[in-house]
Amino acid sequence: MIFAIAASAELTALEIIEKRDENEYIRSAVVEATMIISRGNRKIEKTMVSYTKDKNALAEFTNPADRGSKFLKRDDNLWLFFPDAEEIVKISGHMLEQGFMGSDFSFQDVMESDKLVELYTFSLLGKEVFEERPCYVIEATALPGKKVSYYRRKVWIDKERFVTLKGELYTQNGRLLKESKVEKLEEIDGRWLAVQSIMENKLRKNTYTRFIINNIDLAPKLDDKIFSLQSLR
Amino acid sequence: MFFSIYLGLKNLLRQKRRNIITILVIAFSFLGYLFAESLMNGMEEMSFESIQNFETGNIQIAEPDYWEERDELPIKGLVAWNEELEGIIGQTDGVIGVSPELKFPANLNNGIDEMSIIGLGINPKKYNEVFQTGEYFIEGSLGTLNDNKAVIGTVLAELMDLKKDDHIILLIRTKEDTFNTIDLEVGGIIRTPNPMLNSRIVLMPLDIAQRSLNVGDMVSMVSLKTSPAMPEKSIIKSLEDSFRVKKLSSQVYSWRESAADVITLSTAKKGGAGAILSVVLLIGIVGIVNNIILSGIERTAEIGMMKALGMREWEIVLVFMVEAAGIGVLGGLASCLLGYLSVLWLVSSGFNVANFGDWSQYGIPIVDRIYGVWNCQAFLYIFVSSVAVAVLSSIWPSYWAARKDPVEAIYRH
């Protein structure tokens with residue numbers, strides 16, 4: 001363990017990010033989760049089941065108020081289906097900035113690709129202790145000319161488990177837009193995953209969204225057909 | 001023939017009560033048309049004025065790609081606002097105001113809530129040359145639109161609980177699609193006759209918008225105000241020729257192209273007016289046919305007597321047609337008189353639409369009152385229609401009356 005930590009201390013920012021990605025990247029999964037949206041004293045709870053395979057994902061809400069609402073992500077495209085409207089709508093442009101089912105996660109956050117290494121340049125800002133865990137603090141700045149949602153990101157990555165414990169997302173003019181924090185980690189199938197995290201929109205007061213993973217299967221057998229537009233109806 | 005005309009006119013006075021009722025039926029039905037026509041034309045005129053005075057100006061200059069997607073407010077396909085373009089526009093006869101504008105989607109944030117709005121970067125001085133917004137400030141003025149000041153409409157201010165000097169944040173995306181924010185202070189509040197400006201637009205200094213969106217000296221489009229003394233078409237042609245010579249890709253669009261939706265709506269409304277007219281004419285026809293048939297029945301013996309004395313069928317038909325024409329003339333005059341009074345009220349006092357909800361949601365850019373407009377042609381049309389309908393609708397019942405057997409007609413009475 002001591003040797004491992006000593007070796008990791010020599011890692012570059014890019015290597016740390018790659019190790020983090022290696023740990024966090026999920027190729028295939030079925031997740032049962034709860035999303036608690038908090039607006040002042042009001043709390044809204046939504047439950048969902050999501051299916052992920054490579055770059056495709058399907059999320060279906062299961063709480064009574066939203067039962068049947070589905071979101072399909074295929075590569076860089078996102079569609080939604082509300083059973084009441086009985087219509088499939090493609091989310092694009094300015095709509096991507098809206099909150100995902102009224103939460104503090106925007107559609108853009110949900111859509112975020114795993115190609116961050118191609119879009120940002122990384123630098124190691126230092127080391128800090130976050131929630132009693134030693135972390136690397138890494139800053140990602142958008143590469144010139146690249147189309148990215150957040151100009152600058154700051155992440156706190158657990159030095160030992162290579163899992164992101166905290167993230168900050170900044171606008172081009174340096175304003176902190178969103179902050180995410182991991183509240184609970186679990187080791188599942190040999191990898192550390194955040195099972196409870198919180199996202200705050202820093203432009204708005206007294207709002208946050210807590211995301212809790214109730215159950216996760218990292219080796220499901222998923223048919224590609226479930227990621228089709230037909231499956232949305 | 002003169003005897004038939006004389007008799008027809010005299011008959012007008014014989015059944016005064018019935019004829020007066022028929023005249024009133026015609027008058028009130030045609031009055032409905034004149035009122036609806038004035039209201040609809042007024043609404044159309046006000047809609048078009050509202051669009052030109054608050055949204056588009058008379059002419060707009062934009063890149064064709066942008067124009068196609070302008071409803072999406074893209075931050076691409078922009079026009080370079082530079083000395084060359086300003087020079088070309090400045091040298092064009094008939095242009096009396098030029099306003100470069102940068103329009104972009106944004107989320108307005110007051111620290112508690114967020115709302116999707118349209119940001120509009122303007123040069124206040126130039127904007128004032130083209131648009132009338134400056135005259136509708138409740139607080140502040142266009143002059144306050146400097147540094148990091150913004151101007152918003154009353155509806156937006158109310159929705160977001162904002163007052164003058166409050167701070168707001170606009171969350172935007174730069175041309176690279178990166179999130180950025182603009183910190184602004186509410187420097188002025190407006191209440192214009194244009195619902196869009198009141199509820200969805202945040203006016204801000206052009207240079208701040210350009211800097212925040214990373215677009216340099218680019219603008220979405222340039223709005224122009226033109227002299228009423230010069231035909232719009234000739235100004236557009238002159239600008240197009242200049243752009244061709246200078247090899248600029250920008251295109252020139254009339255405000256009518258911007259307001260295509262409202263114009264389509266207006267055309268549909270005119271179709272509605274046509275439907276009203278059809279109903280009105282039908283009511284008139286029914287009234288006159290009814291009148292002539294009743295006259296025919298009442299005067300069966302008289303018709304028999306006239307035929308027995310040697311009057312021919314067409315002369316009897318003429319008697320009834322003259323009577324009907326008299327009713328049409330009097331009905332038309334009464335329509336015009338009542339129409340004049342109702343349109344006069346509509347033109348001077350207006351019709352308060354605020355009591356009937358928000359009309360802007362139906363694409364009608366009007367708040368408060370709709371004023372009617374005078375249309376002399378409509379009055380003439382109504383008068384001619386009234387006479388024509390009366391005469392034409394009397395032909396068949398007149399023949400019906402004239403073809404009665406004289407012996408049987410006299411015998412039965």
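Figures for the structure shown
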read-out	value
Count - residues of the stretch A:55-80 that are farther than 30 Å from B:THR174 by Cβ, in a loop (DSSP other than H, G, I, E, B) and touching a residue at least 24 places away in the same chain (Cβ under 8 Å)	1
Residue match in the stretch A:202-213 (condition: away from chain B (no Cβ under 14 Å), without any contact (Cβ under 8 Å) to a residue 24 or more places away in the chain, in contact with a strand residue (DSSP E or B) (Cβ under 7 Å, 6 or more places away or on another chain) and surrounded by 17 or more Cβ atoms within 10 Å (Cβ to Cβ))	no
Unique match (being outside any loop (DSSP other than H, G, I, E, B), aliphatic (A, V, I, L, M) and over 17 Å from the mean Cα position of the chain (by Cα)) among A:ILE226, A:ILE198, A:ILE213	A:ILE226
Residue identified as of a type outside the set (A, V, I, L, M, F, W, C) and more than 26 Å from B:SER29 (Cα to Cα) among B:GLY310, B:GLY331, B:GLY271	B:GLY310
Hey, A:GLU128 away from chain B (no Cβ under 14 Å), modelled with pLDDT of 90 or more and assigned to a loop (DSSP other than H, G, I, E, B) or not	no
Residues being out of contact with any helix residue (DSSP H, G or I) (no Cβ under 8 Å at 6 or more places or on another chain) and surrounded by fewer than 22 Cβ atoms within 10 Å (Cβ to Cβ) - total across the stretch B:182-207	3
Residues that are crowded, with 18+ Cβ neighbours inside 10 Å and either within 8 Å of chain B (Cβ to nearest Cβ) or farther than 26 Å from B:LEU108 by Cα (or both), drawn from the stretch A:149-160	A:SER149, A:TYR150, A:TYR151, A:VAL155, A:TRP156, A:ILE157, A:ASP158, A:LYS159
From B:ASP161, B:ASP165, residue being touching an Asp or Glu at 6+ places or on another chain (Cβ under 9 Å) and either more than 14 Å from chain A (Cβ to nearest Cβ) or of a type in the set (Ser, Thr, Tyr) (or both)	B:ASP165
The stretch A:81-98, residues that are without any contact (Cβ under 8 Å) to a residue 12 or more places away in the chain and on the phi < 0 side of the Ramachandran plot	A:ASP84, A:ALA85, A:GLU87, A:VAL89, A:HIS94, A:GLU97, A:GLN98
Yes/no for B:ASP183 being farther than 30 Å from B:ASP93 by Cβ, within 13 Å of chain A (Cβ to nearest Cβ) and not hydrophobic (A, V, I, L, M, F, W, C)	yes
Single residue of the stretch A:134-146 satisfying the filter (of a type outside the set (A, V, I, L, M) and surrounded by fewer than 18 Cβ atoms within 10 Å (Cβ to Cβ)) that is farthest from the other protein chains (Cβ to nearest Cβ)	A:PRO134
Scope the stretch B:227-245; condition of a type in the set (S, T, N, Q) and touching a strand residue (DSSP E or B) at 6+ places or on another chain (Cβ under 6 Å); matching residues	B:SER227
Scan of the stretch B:307-361 for residues that are in a loop (DSSP other than H, G, I, E, B) and among the hydrophobic types (A, V, I, L, M, F, W, C), ordered by number	B:LEU309, B:MET311, B:VAL353
Residue match in the stretch B:152-163 (condition: within 19 Å of B:SER223 (Cβ to Cβ) and either at pLDDT 95 or above or among the small types (Gly, Ala, Ser) (or both))	yes
Count - residues of the stretch A:214-233 that are surrounded by fewer than 11 Cβ atoms within 10 Å (Cβ to Cβ) and at pLDDT 90 or above	1
Of all residues in the stretch A:189-201 being in contact with a Lys or Arg (Cβ under 9 Å, 6 or more places away or on another chain) and more than 14 Å from chain B (Cβ to nearest Cβ), the one that is modelled with the lowest pLDDT	A:ARG191
Extreme residue, surrounded by the fewest Cβ atoms within 10 Å (Cβ to Cβ), among residues of the stretch A:161-188 that are within 14 Å of chain B (Cβ to nearest Cβ) and under 23 Å from A:THR12 (Cβ atoms)	A:GLU168
Selection from the stretch B:142-164 of residues that are buried (at least 18 other Cβ atoms within 10 Å of the Cβ), polar (S, T, N, Q) and closer than 15 Å to B:GLU185 by Cβ	B:THR144
Among the candidates B:TRP345, B:TRP314, residue that is under 29 Å from B:PHE48 (Cα atoms) and aromatic (Phe, Trp, Tyr)	B:TRP345
Condition broken by B:GLY119, with the remaining ones in (1) touching a Pro at 6+ places or on another chain (Cβ under 8 Å); (2) among the small types (Gly, Ala, Ser); (3) away from chain A (no Cβ under 14 Å); (4) crowded, with 18+ Cβ neighbours inside 10 Å satisfied	(3)
Some residue of the stretch B:290-306 being among the small types (Gly, Ala, Ser), crowded, with 18+ Cβ neighbours inside 10 Å and within 19 Å of B:LEU9 (Cα to Cα)	yes
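The values are calculated or read from the model by the stated rules, or taken from the named source; none is laboratory data. All values derive from a computational prediction rather than experimental measurement. In this analysis, Cβ positions are derived from the backbone assuming ideal geometry, glycine residues included, and neighbour counts consider all displayed protein chains.
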